Amino acid sequence: MCESFDNIGDWRVFTGNEMGALITWWIWTNWRKANPSADASKVYILNSAVSSQIVKTIADAEGNQVILAWEESIGYMPGHTLDKDGVSAAAVFAEIAAFLHTQGKSLEDQLYALYNKYGFHLVRSTYWMVPAPEVTKELFSTLRADLKFPTKIGDADVASVRDLTIGYDNSKPDNKPVLPLSTSSEMVTFFLKTGSVTTLRASGTEPKIKYYIELITPPGKTQNDLESVISELDQLEKDVVATLLRPQQFGLIPRK
């Protein structure tokens with residue numbers, strides 16, 4: 001989805017996570033208006049493990065019946081749809097844009113309003129190529145060796161680690177994750193005490209390791225803070241690469 005800036009002639013292209021934030025706000029807002037006295041603790045909005053945590057942030061602040069599900073790779077299930085459906089999602093986004101137009105706002109204006117209320121949730125994802133399959137296994141094995149995962153990423157302390165390959169989550173009393181494990185694929189998520197999150201995931205079809213980094217800030221920031229928030233994200237990305245990927249040690253090749 002994109003939005004035109006009439007006075008500039010440029011287009012603002014929204015990522016799957018940004019679209020997810022907007023549709024989450026819209027579906028929740030309208031559900032609450034239609035159900036003002038309902039128990040919000042029984043309302044759920046779902047997204048995939050590597051999608052933005054802004055769904056959780058909004059749910060923690062506002063609230064579980066499932067009223068929306070989505071994933072960062074641009075798949076949305078609004079209303080009664082039981083699978084990702086582009087037609088119904090396009091209709092909802094058109095509805096959002098039309099409503100915001102009546103308020104004299106753009107989609108981008110609303111996105112920054114959400115960031116102001118709930119904190120910036122900026123996501124960066126890319127991958128590094130792996131020289132051989134055994135390198136992937138070795139890299140992840142050294143990360144989880146004796147369950148002694150890294151306790152810091154740069155200057156940020158690690159609050160908890162979830163490893164869905166071996167079925168480990170030290171944020172839970174029994175160290176067992178709620179999400180299902182998959183022994184055939186590598187996927188480890190680090191939750192930082194700052195609130196930010198990073199996930200390392202091996203591709204199941206190509207010789208590469210992906211990472212998903214989400215920088216989450218406290219509420220109250222505005223669009224004027226964007227440059228400094230991006231600088232924080234840049235530094236976090238460097239720290240993730242140095243601490244978790246260790247490209248020089250494992251001979252990883254950067255994405256071209």
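The values are calculated or read from the model by the stated rules, or taken from the named source; none is laboratory data. Source: prediction; values computed, not measured. So basically every Cβ, Gly included, is an ideal-geometry build from the backbone, and we count neighbours across all protein chains shown.
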message = Every residue in the stretch 195-233 that is surrounded by 19 or more Cβ atoms within 10 Å (Cβ to Cβ) and of a type in the set (Ser, Thr, Tyr), please.
response = Ser196, Thr198, Thr199, Tyr211, Tyr212, Thr217
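Identify the residue in the stretch 1-43 that is part of a strand (DSSP E or B) and not β-branched (Val, Ile, Thr) and, among all such residues, is modelled with the lowest pLDDT. Give the steps one after another, and end with the answer.
Restricting attention to the stretch 1-43, the residues satisfying the condition of being part of a strand (DSSP E or B) are 2-5, 10-13, 43.
Those left that are additionally not β-branched (Val, Ile, Thr): 2-5, 10-12.
Working: Cys2: 84, Glu3: 85, Ser4: 82, Phe5: 73, Asp10: 83, Trp11: 86, Arg12: 83.
By that ranking, first place goes to Phe5.
Please tell me if Gly167 is touching a Lys or Arg at 6+ places or on another chain (Cβ under 7 Å), farther than 24 Å from Ile58 by Cβ and surrounded by fewer than 16 Cβ atoms within 10 Å (Cβ to Cβ). Please lay out each step first, then the result.
Details: touching a Lys or Arg at 6+ places or on another chain (Cβ under 7 Å): yes; farther than 24 Å from Ile58 by Cβ: yes; surrounded by fewer than 16 Cβ atoms within 10 Å (Cβ to Cβ): yes.
In short, yes.
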inquiry  = Criterion first (at pLDDT below 95, farther than 30 Å from Lys208 by Cβ and not assigned by TED's automatic domain parsing to the domain that holds Leu226) does Ile96 satisfy it?
reply    = yes
